[in-house]
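Here is the structure we will look at, set down as structure tokens.
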Amino acid sequence: MARRLRSPTLESRSARAKLKVRRKPYFVSVAPGISLGYRKNRGPGSWLVRCADGKDADNVHVLDFWTAQTRAREQVRGKGAAKPLTLVQALDDYERDLVLRGGLAAHVQRVRRLLTPVLLKRPVGLLTSRELRHWRDAQLSSGLAASSVTRTCKALKACLNHAAEADDTIVNKRAWTKGLAALPDSQVARTDAVLDAEMVRAVVAACYAASDRLGLLVEVLAVTGCRPIQAARLLVGDLKSDHLMLPRSAKGKGRKSVTRRPMPLPPSLIARLKAAAGDRPPTAPLLRRADGEAWQPIRSDQSRPFAQALAAAGLPKVVPYALRHSSIVRCLTAGLSPQLTADMHDTSPQMLSKHYAHYIANHSTELIRRVQLDLAPTPADKVAPLASRLP
């Protein structure tokens with residue numbers, strides 16, 4: 001009969017009751033290569049056995065230290081996989097994809113400029129929500145506006161989603177979904193900067209005084225209500241006899257190419273655009289800067305000379321996007337339907353309702369009165385002739 005071993009910590013119920021609750025079992029050796037373990041739980045404990053067969057590593061069923069390292073990497077990355085994708089590599093890949101789809105690569109450049117060197121070197125699959133949230137909050141603390149922080153986070157999230165879709169080993173989407181969430185009240189349109197028709201004319205005149213080419217760009221923004229990026233994408237071939245084929249912004253998921261829609265223009269603006277186009281080829285940019293180069297779809301490329309022109313004319317400080325807000329409000333208060341206004345401005349009725357509902361509500365009474373009938377009592381001498389007209 002095998003000799004019974006003694007274990008003061010495990011052999012009695014009272015001794016086991018004094019053990020600390022923990023996940024790791026308390027082991028005692030009962031024979032060469034065999035150990036008896038007891039796991040102390042909050043409720044009833046459990047016994048388990050651990051044994052070793054004493055065989056050398058065959059790197060199939062029994063692994064040595066070096067083979068175990070290789071298997072660990074293969075289990076996470078996949079067999080034969082390369083090094084994990086870093087954030088800087090993900091940004092490079094996403095930028096190339098944006099260029100191929102006609103997207104705005106400037107968003108990626110802004111994200112790359114704001115990211116820290118430590119984050120740029122981090123594997124995408126190891127990013128945590130805590131470090132991404134810390135980076136997001138640091139941008140706000142540095143003086144960046146909440147809307148700019150949210151816009152930058154959206155670009156970074158798009159980049160990370162693009163990387164995750166191409167690599168099945170990246171499974172931590174929750175990290176940037178939570179860590180890069182939009183800041184409160186940061187997605188509200190600046191509808192406070194709505195200009196009346198007189199101010200719009202003054203802004204356009206100030207830009208023409210600074211430069212004919214700047215004035216032409218701003219006039220296109222004011223008349224069409226398009227985004228600056230749409231104006232920057234205009235080509236000479238988009239100019240027709242009485243309208244522009246205005247590029248859409250290509251915003252939203254799944255858009256692979258920039259489409260165009262007709263936008264009617266006043267004859268005077270058509271004439272100025274034809275003069276600016278000259279005999280240049282259809283694929284040349286329609287709107288150019290004062291130095292002859294094409295306007296870049298980057299906010300600072302257009303807003304800086306715009307701000308300088310307004311300052312020189314003594315006008316209040318506004319941004320080019322105010323012309324778009326003003327155009328949308330002008331259409332809504334004139335009675336255009338939200339659907340037509342949204343289509344004209346390359347957006348959706350839902351977005352109009354979200355950001356411009358108070359303008360619609362404030363003018364709803366006037367719009368209703370335009371279509372209401374005034375059914376005051378008709379004099380008796382007029383009723384008989386009217387009755388004869390009834391079927």
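The values are calculated or read from the model by the stated rules, or taken from the named source; none is laboratory data. For clarity, every value in this text was computed on a predicted model and none was experimentally measured. These area figures cover heavy atoms from the full protein model, side chains too; ligands, DNA and RNA do not enter into them. Shrake-Rupley method; radii C 1.70, N 1.55, O 1.52, S 1.80 Å.
How many Å² of accessible area per residue for the range 261-358, probe 1.4 Å?
52 Å²
Report, in whole Å, the centroid distance computed from the Cα atoms of the range 91-107 and the range 109-185.
The range 91-107 and the range 109-185 have Cα centres spaced 17 Å from each other.
Rounded, prolate or oblate: which fits the range 191-238 when a ≥ b ≥ c are the square roots of the eigenvalues of the alpha-carbon gyration tensor, with rounded for a/c under 1.5 and prolate only if a/b beats b/c?
It comes out oblate by the Cα gyration axes.
How long is the gain from residue 140 to residue 24 if the chain were fully straight, where each residue apart is worth 0.36 nm and the alpha carbon distance is subtracted?
Stretched fully, the residue 140-residue 24 segment lengthens by 37.4 nm.
Pairs 154/240; 154/317; 121/154; 154/274; 274/317: which exceed 29 Å Cα-Cα?
Long pairs (Cα-Cα over 29 Å): 154/240; 154/274; 274/317.
At a 1.4 Å probe radius, carbon and sulfur cover how many percent of the accessible area of the range 301-363?
60 percent
Can you work out the accessible area per residue across the range 99-176, with the rest of the protein chains kept in place, probe 1.4 Å, in square angstrom?
Ligands and nucleic acids excluded, the result is 54 Å² per residue.
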